[in-house]
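The values are calculated or read from the model by the stated rules, or taken from the named source; none is laboratory data. Bear in mind that the values here come from a model prediction, so they are computed numbers and not experimental data. As a convention, Cβ positions derive from the backbone with ideal geometry for all residues, glycine included, and neighbour counts pool all protein chains shown. These area figures cover heavy atoms from the full protein model, side chains too; ligands, DNA and RNA do not enter into them. Shrake-Rupley method; radii C 1.70, N 1.55, O 1.52, S 1.80 Å.
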Amino acid sequence: MRDIVVEVQSITKRYGDFAAVRDLSLAIPRGAVYGLLGPNGAGKTTTIRMMMSIIYPDEGKVALFGGRGDGKDLSHRIGYLPEERGLYKKMKVIDLLIFLAEIKGVSRAKARAGAMEWLARLGLGDWALKKADDLSKGMQQKVQFIATVLHEPELLVLDEPFSGLDPVNTQVMKDTVVDLSRKGTTILFSTHIMEQAEKLCDSVCIIARGTKVVDGPLAEIKRQHGGSHLVVAAERSAALDGVLSDTRLISRADNYGNYAELELAAGAKAQQVLEALVRQGVVVSRFEIAEPTLHKIFIDLAGPQALPTSPEEVARA
Amino acid sequence: MHKLMVVIRREFIERVRTKWFLIGTILGPVFMGLVIVLPIVMAERGGGERNVVVLDATSDDFGTRLTAAMQQIPKLSVERRAVALASLEDQAVALAQEIGTTPLDGMLLITDNTVEDGKAEYRGSNVSSLTDMRTMQATLRSSVFAERLQREGVELSVVSRAQIPVDLATVQIRDGKVTGGSAESSFFLAYFIWFLLYLAILLYGVQVLGAVVEEKSTRIVEVLVSSLKPFQLLAGKVAGVGAVGLLQLGIWLGTGKLLLDRRADVARWLGQGPEAAAAVGQMSFPEVPLGTILLFLTYFLLGYFLYAAMFAAVAAMVNTEAEARQAQTPVVMLLVIPTVLMIGILNNPDGSMALTLSLVPFTSPIAMPVRWAASPVPLTEVAGSLGILFGTVVVITWIAGRIYRVGILAYGKKPGLKELVRWVKG
């Protein structure tokens with residue numbers, strides 16, 4: 001049993017009659033790169049804010065680092081980059097970084113040294129004494145990211161970290177996240193862009209309309225939802241066509257003659273299809289259980305019914 | 001506690017570093033210097049000769065005697081011109097052309113009615129000069145008075161003895177002790193206290209408003225509240241801005257006192273003559289007892305906390321500075337009430353309006369110190385006023401904290417009253 005860094009136990013958050021998050025549970029193991037996925041307005045930010053104790057759930061609870069402490073008491077162990085991020089425009093970059101580290105309990109001297117190091121690392125060394133207002137948007141985003149990681153948190157919570165970043169900064173951010181993950185930092189990030197999540201995450205939780213659709217290790221989710229897709233290449237034969245038209249085994253076949261993409265019928269197993277092919281004497285050159293992309297799983301599970309229906313829900317999210 | 005100190009320090013240092021703090025800190029003493037220097041300059045300008053013509057349409061020699069009396073007034077040169085009653089108005093209109101183009105400053109129109117009914121008229125360019133008008137009126141009054149007595153057959157020596165002026169010296173007594181301040185100087189002090197309190201509470205209250213709106217509109221607040229409790233953030237902000245306020249007030253009061261104590265030197269330094277310097281040195285400035293200063297600072301702090309909390313709650317409800325400027329109006333109005341009623345308090349510091357305003361918590365931070373400076377206030381009333389104010393500060397801060405906690409993370413439409421109640425109940 002791995003050690004759980006964030007454990008969310010059936011939390012519910014209501015705004016008036018509208019439930020932004022309903023009975024949501026998830027667990028993030030130490031060292032994981034965990035993706036919280038969902039369409040816009042699904043409740044990702046609300047969930048993250050509850051993890052951070054910025055708002056409190058109406059029901060259920062959040063346990064961090066296996067303990068009882070509140071997100072604010074443990075804030076020195078957490079780095080949080082909100083979706084809506086800002087800086088004090090009139091402050092010098094270095095003073096701002098020191099202040100944000102100090103309210104996490106880091107000493108002034110340590111904060112100053114760390115900030116200079118990070119600024120140099122992200123190419124902002126010459127900007128330390130400039131006002132935040134004088135920085136370009138991309139530079140400001142880097143400063144915000146430095147503020148998130150300066151106190152060397154065990155847990156990084158990044159809400160839509162890549163939104164609004166240009167390709168260069170996206171790359172820098174991604175490399176830094178991967179690097180921190182290698183050093184053992186647990187990372188939670190939310191996104192609605194599945195391609196990023198697929199490349200970065202080892203576990204995900206997909207939510208739609210405030211409720212969980214699926215969660216777990218990415219490979220497992222793919223296996224579960226990928227079991228029904230088969231690719232078969234074989235010599236063209238009547239026997240092959242016979243097996244493919246057996247509706248007890250196959251619900252839908254995209255048959256090219258000697259190449260077919262299949263979807264298993266309910267209850268059928270890939271193993272049974274292979275067995276039938278062999279028994280009928282079909283010469284099989286390729287038999288593959290195809291992995292669906294995360295994008296496909298997401299659309300299947302959180303698809304049309306998951307889209308926010310009323311403008312109110314969009315506004316609340 | 002450490003986090004709170006970090007917030008206070010940031011708020012304090014970032015504010016003290018701005019050029020507005022520097023400008024404000026310098027402008028305060030400059031303004032106070034002007035209060036001290038202006039009378040010197042005025043005294044100098046007032047030193048110029050006034051030229052007045054008495055247009056005498058009387059049928060006896062009252063005009064001659066009045067002119068002689070007026071010539072006794074320092075720095076006033078008077079010339080009498082006898083005119084016929086019928087042409088008085090034409091003469092006056094013709095003479096009016098000379099005012100402004102020649103050294104002539106004005107004319108006094110007298111007729112036989114002046115002694116009979118006490119009617120006279122002065123036309124001139126210096127009618128707004130209170131000193132000029134006061135001395136001229138006093139001279140006119142005593143001349144008319146003497147004339148009437150003489151017409152009734154009173155002996156001249158009796159008349160002149162009857163005219164020996166009475167000088168009422170006013171001395172304020174507080175707690176059974178003579179303070180050395182005159183009625184005039186305590187009025188001056190009350191007025192100054194009112195001005196400073198109003199300015200300081202408004203100025204620093206609005207700074208809290210601006211700070212909250214800034215954090216909300218730049219959205220840095222979400223990063224902050226992931227590390228800080230909203231109340232820590234609010235308390236740190238209010239305390240930090242308040243510390244800046246105390247520092248600035250301290251500098252103002254300190255330099256003000258220094259300027260007052262050395263006002264003769266200031267006058268000399270400004271190149272004014274020794275007489276002007278001496279005159280300024282003798283000007284009646286109030287002595288400020290320690291009790292008044294303590295009371296002033298206590299009410300400033302409590303009043304500032306009260307209004308800062310309300311300003312913070314208002315700021316938490318809105319999204320932008322433009323919205324904040326509109327939303328702050330009701331709070332500012334609360335502060336303006338004692339200002340509008342100030343003259344009422346000063347005229348009757350023991351009256352029921354002054355009593356009410358100095359007990360109601362939203363007006364007492366200004367009204368009570370002003371009352372205190374103007375006249376002695378029973379200590380029970382001060383204690384009651386402070387108690388009510390303190391209790392209100394606690395309640396308002398609690399409510400404001402609840403609104404702030406929800407408001408800083410709520411974007412979009414401004415909440416209605418119903419929603420606000422829900423925030424507070426939270």
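Counting only strands (runs of 3 or more DSSP E) that sit completely within segment B:54-160, those holding 2 or more residues that are open to solvent by 30 Å² or more (accessible area, probe 1.4 Å) and not aliphatic (A, V, I, L, M) correspond to B:76-82, B:121-124. For segment A:127-150, the condition holds for no residue, the condition being that it is away from every other protein chain (no Cβ under 14 Å), over 20 Å from B:L409 (Cβ atoms) and in contact with a Ser or Thr (Cβ under 7 Å, 6 or more places away or on another chain). What do you reckon, is B:L247 more than 14 Å from every other protein chain (Cβ to nearest Cβ), over 15 Å from B:R9 (Cβ atoms) and open to solvent by 20 Å² or more (accessible area, probe 1.4 Å)? Answer is no for this residue. Of the strands (runs of 3 or more DSSP E) lying entirely inside segment A:177-276, those containing at least 3 residues that are touching a helix residue (DSSP H, G or I) at 6+ places or on another chain (Cβ under 6 Å), within 24 Å of A:A20 (Cβ to Cβ) and of a type in the set (A, V, I, L, M, F, W, C) span A:203-208. Scanning segment B:225-244 for residues that are over 14 Å from B:T397 (Cβ atoms), within 13 Å of chain A (Cβ to nearest Cβ), aliphatic (A, V, I, L, M) and surrounded by 23 or more Cβ atoms within 10 Å (Cβ to Cβ) returns a single hit, B:V225. For A:I94, the requirement of being more than 7 Å from chain B (Cβ to nearest Cβ), more than 14 Å from A:V8 (Cβ to Cβ) and open to solvent by less than 10 Å² (accessible area, probe 1.4 Å) is met. Taken together, the criteria place B:A43 among residues that are crowded, with 17+ Cβ neighbours inside 10 Å, out of contact with any Ser or Thr (no Cβ under 6 Å at 6 or more places or on another chain), more than 14 Å from chain A (Cβ to nearest Cβ) and at pLDDT below 85.
Only one entry in A:A101, A:A115 is away from chain B (no Cβ under 14 Å) and either of a type in the set (A, V, I, L, M, F, W, C) or open to solvent by less than 50 Å² (accessible area, probe 1.4 Å) (or both), namely A:A115. Going through (1) within 14 Å of chain A (Cβ to nearest Cβ); (2) modelled with pLDDT of 80 or more one by one, B:A68 falls short only on (1).
Name the one entry in B:L234, B:L202, B:L189, B:L224 that is of a type in the set (A, V, I, L, M, F, W, C) and modelled with pLDDT under 90.
B:L189
If you go through segment B:213-224 and pick out every residue that is β-branched (V, I, T) and open to solvent by 10 Å² or more (accessible area, probe 1.4 Å), you end up with 2. Tallying residues that are open to solvent by 20 Å² or more (accessible area, probe 1.4 Å) and of a type in the set (A, V, I, L, M, F, W, C) within segment B:329-354 yields 9. At least 1 residues being open to solvent by less than 30 Å² (accessible area, probe 1.4 Å) and within 14 Å of another protein chain (Cβ to nearest Cβ) is the threshold, and among the strands (runs of 3 or more DSSP E) wholly inside segment A:2-87 those reaching it are A:4-15, A:18-29, A:59-64, A:78-81.
The C-beta contact set for segment B:4-21 (first residue at the interface with chain A (Cβ under 9 Å from one of its Cβ atoms), second residue surrounded by fewer than 18 Cβ atoms within 10 Å (Cβ to Cβ) and charged (D, E, K, R), distance under 8 angstrom, 6+ apart or interchain) comprises B:E14/A:K90; B:T18/A:K90. Would you mind stating whether B:G176 is on the phi > 0 side of the Ramachandran plot, modelled with pLDDT under 85 and within 23 Å of the chain's Cα centre (by Cα)? No.
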